[in-house]
Amino acid sequence: MKNLNLPAALAAVAFLAACQSMSGDAPRATAALQPTKGNKAFGEVTFEQEGANKVRILANVQGLKPGQEHGFHIHEVGDCSSGDGMSAKGHFNPHGKPHGNPSGAEHHAGDLPALKADKGGRAKLDALIDGVTLEPGPQSIVGRGLIIHADPDDFKTQPTGNSGARIACGVIKGA
């Protein structure tokens, strides 16, 4: 019987374990936000699945109005071709709920926390959103639009939150 090379066998076991853990990695997606016509807001957003119906969103945005809140939403269609962001259509709302604060029970799946710009016009967001997924299906946000609005979201006005013009648009793409 041949002697096994113990270091090589351990390396092979470690490699196989790594391959198994890689196949179980959480789904991810990204969106590159580009300014709509006449605006200057832009940024990068990443999404990572956390549990069955929760997604962590990390946004890093620049070119916002300094010191102001901006409405931020996932929209139905991943189309930014219109120049004004209107081709992304309305808020993503697979459950037919009213527009509202994402921390409350009743809200569109696409209602996100506000982006709060600092005095330099930059904003960062780290939030966990529920009722959506990066997996295929009716709750999936992959292929949807992502919009930054000029004004704060009042979380009351139906169906948009009265957040004004669309100043940046991106498409959520699976990673």
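Against the test of being more than 16 Å from the chain's Cα centre (by Cα) and modelled with pLDDT of 95 or more, the options 123, 150, 127, 114 yield a single qualifying residue, 150.
Note on the stretch 76-103: residues that are touching a Phe, Trp or Tyr at 6+ places or on another chain (Cβ under 6 Å) and either under 20 Å from residue 36 (Cβ atoms) or part of a helix (DSSP H, G or I) (or both) total 1. Residue 66 meets all of the listed conditions (1) touching a Gly at 6+ places or on another chain (Cβ under 6 Å); (2) at pLDDT 95 or above; (3) within 25 Å of residue 26 (Cβ to Cβ) but one, namely (3).
Checked against (1) out of contact with any Pro (no Cβ under 9 Å at 6 or more places or on another chain); (2) part of a loop (DSSP other than H, G, I, E, B), residue 106 passes all but condition (1). Among what's in the stretch 130-146 and is modelled with pLDDT under 95 and at positive phi, pick the residue that is surrounded by the fewest Cβ atoms within 10 Å (Cβ to Cβ). Step by step, filter the stretch 130-146, then rank; the result is 137. Taking the stretch 146-175 as the range and being in contact with a Gly (Cβ under 6 Å, 6 or more places away or on another chain) and farther than 12 Å from residue 112 by Cβ as the test, the residues that pass are 150, 151, 154, 166, 169, 171.
Within the stretch 1-36, being modelled with pLDDT of 50 or more and surrounded by 10 or more Cβ atoms within 10 Å (Cβ to Cβ) holds for 5, 26, 27, 28, 29, 30, 31, 32, 33, 34, 35, 36. Checking each residue in the stretch 132-175 for being assigned to a loop (DSSP other than H, G, I, E, B), touching a strand residue (DSSP E or B) at 6+ places or on another chain (Cβ under 8 Å) and of a type in the set (Gly, Ala, Ser) picks out 143, 150, 161, 163, 164, 165, 175.
The values are calculated or read from the model by the stated rules, or taken from the named source; none is laboratory data. Bear in mind that the values here come from a model prediction, so they are computed numbers and not experimental data. Heads up, the Cβs are rebuilt from the backbone with ideal geometry, glycines too, and the neighbour counts pull from every protein chain shown.
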